[in-house]
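The values are calculated or read from the model by the stated rules, or taken from the named source; none is laboratory data. This structure is a prediction, so every number in the text was calculated from the model and none was measured. Positions of Cβ are generated from backbone atoms using ideal geometry, with glycine treated the same way; all protein chains shown enter the neighbour counts. For the accessible areas, the whole protein counts, side chains as well, though only heavy atoms, and no ligand, DNA or RNA atoms are used. Shrake-Rupley method; radii C 1.70, N 1.55, O 1.52, S 1.80 Å.
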Amino acid sequence: MGDIVKSIKQKIEGGATTDDYDLVEMLLDASEKVKTQKLLLVAHSQGNFYANAFYDIVVAPSDDGVGVSPDSLGVYSVATPANRVGGGGRHLTSETDKVIAGVAGSVPFYRIMPPNTRIELGDGDDVLGHNFSNVYLKYRGAEIVRDIEETLGRLTTPGAQSASTPFDKGDATSICIRPPKLTMRHK
């Protein structure tokens, strides 16, 4: 129930906010663990709000003008209740997904990305047509993999990060994600 309330709040606000506990934890984890030159976030359902907010925060230049190159970070959205995909990425949402096209699409004063496929559900499938593995991957797995490969192919390797950046990981060829500032409330 808490996730549903949080999803509605995120939908009304246009996504996860920078003080959202889960988003801060995702940014903190990424700042410590991401050691790659290209990064693709694959999001499903409510995770799309987080992926979009993550993208926006990470590519935004900070006070010192440093941010991750938007060309090295991508978002691919599945079953998205959001009205956009971070960085202009691709999405896949079925018009038979009752959670997204049904419930999320009916919230007044807010538009979602239009469904762009139709998945005919079979016996024993998730009756809501929303499950990532048992609906989207089952019926559109090849398309999802193709879209992900295509998106990864468009990402470019960032230029070397300056060794003077305060969050340098010691690898000038990796994406350096700035750790979030932790508030007392978050701690």
Tally, over the stretch 21-33, of residues that are open to solvent by 20 Å² or more (accessible area, probe 1.4 Å) and under 27 Å from S133 (Cα atoms): 6
So, R146, is that one in a helix (DSSP H, G or I), at pLDDT 80 or above, open to solvent by 60 Å² or more (accessible area, probe 1.4 Å) and not acidic (D, E) or not? yes
Residues that are in a helix (DSSP H, G or I), open to solvent by 30 Å² or more (accessible area, probe 1.4 Å) and of a type outside the set (V, I, T), drawn from the stretch 45-98: D56, P70, D71, G87, G88, K98
Of all residues in the stretch 99-127 being buried (at least 18 other Cβ atoms within 10 Å of the Cβ) and β-branched (V, I, T), the one that is modelled with the highest pLDDT: I119
Are there any pairs with C-beta distances below 8 angstrom linking a residue in the stretch 128-141 that is open to solvent by less than 50 Å² (accessible area, probe 1.4 Å) to a residue that is in a helix (DSSP H, G or I), with the two at least 6 apart or on different chains, and if so which? G129/K98; G129/V99; G129/V135; H130/K98; H130/V99; H130/I100; Y136/I144
Which members of the stretch 20-44 meet the condition of being part of a loop (DSSP other than H, G, I, E, B) and either out of contact with any strand residue (DSSP E or B) (no Cβ under 8 Å at 6 or more places or on another chain) or β-branched (V, I, T) (or both)? D20, V34, K35, T36, Q37
